[in-house]
Amino acid sequence: QVQLVESGGGLVQAGGSLRLSCAASGSIFSINAMGWYRQAPGKQRELVAVITRGGSTNYADSVKGRFTISRDNAKMVYLQMNSLKPEDTAVYYCNAALGATMTHYWGQGTQVTVSS
């Protein structure tokens with residue numbers, strides 16, 4: 001079991017930056033990968049960025065070159081968001097994949113709103 005808590009969301013103007021944080025607790029040694037998803041109103045939840053246990057990263061095409069996922073220890077993961085656009089507006093969710101079955105756990109989400 002893993003518990004995830006996101007923070008750092010807020011209101012920002014287009015072109016601005018935000019840094020989201022995800023704090024993991026519980027069976028953190030079973031985490032194989034962590035990622036950030038987002039869900040805009042009326043849209044499906046989509047993968048934004050992922051970082052594996054080995055440190056490799058992948059990004060959605062829409063955020064490549066603007067967002068960076070990183071971690072500083074086994075329980076903290078970050079999403080640095082630069083050059084934000086109104087279309088980045090969404091609830092952002094932290095995700096962890098655990099064990100051989102890659103069971104997914106979710107945080108409660110943090111709202112990011114980008115104004116024009």
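The values are calculated or read from the model by the stated rules, or taken from the named source; none is laboratory data. Computed from a prediction, not measured in an experiment: that's the story for all the values here. Cβ: placed from backbone, ideal geometry, glycine included. Neighbour counts: every protein chain shown. With ligands, DNA and RNA removed, areas are computed over all heavy atoms of the protein, side chains included. Shrake-Rupley method; radii C 1.70, N 1.55, O 1.52, S 1.80 Å.
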#### Entry: Candidates 63, 91, filtered to the one that is surrounded by 13 or more Cβ atoms within 10 Å (Cβ to Cβ), touching a residue at least 24 places away in the same chain (Cβ under 8 Å) and not in a strand (DSSP E or B)
63
### Message
I'd like the full set of residues that are in a strand (DSSP E or B) and touching a strand residue (DSSP E or B) at 6+ places or on another chain (Cβ under 8 Å), limited to segment 67-88.
### Response
67, 68, 69, 70, 71, 72, 76, 77, 78, 79, 80, 81
### Summary
If we ask which residues in segment 40-58 are open to solvent by 60 Å² or more (accessible area, probe 1.4 Å) and in a strand (DSSP E or B), their number turns out to be 3
### Task
For residues that are out of contact with any Ser or Thr (no Cβ under 6 Å at 6 or more places or on another chain), more than 17 Å from residue 46 (Cα to Cα) and not small (Gly, Ala, Ser), scanning just segment 66-83, find the one that is least open to solvent (accessible area, probe 1.4 Å).
77
### Query
When both residues are 6+ apart or on different chains and their Cβ atoms are under 6 Å apart, which pairs have a first residue that lies in segment 32-56 and is in contact (Cβ under 8 Å) with a residue 40 or more places away in the chain, and a second that is among the basic types (Lys, Arg) and outside any strand (DSSP E or B)?
32/53; 37/45; 39/45
### Output for segment 19-38, where each listed residue is open to solvent by 30 Å² or more (accessible area, probe 1.4 Å) and closer than 14 Å to residue 68 by Cα
19, 37
### Query
Taking segment 97-114, which residues are farther than 17 Å from residue 8 by Cβ and not in a loop (DSSP other than H, G, I, E, B)?
97, 98, 103, 104, 105
### Query
Is there a residue in segment 21-32 that is of a type in the set (Val, Ile, Thr), at pLDDT below 95 and more than 10 Å from residue 92 (Cβ to Cβ)?
yes
### Message
If I filter segment 52-75 for residues that are in contact with a Pro (Cβ under 6 Å, 6 or more places away or on another chain), under 19 Å from residue 8 (Cβ atoms) and of a type outside the set (Lys, Arg), do I get at least one hit?
### Response
no
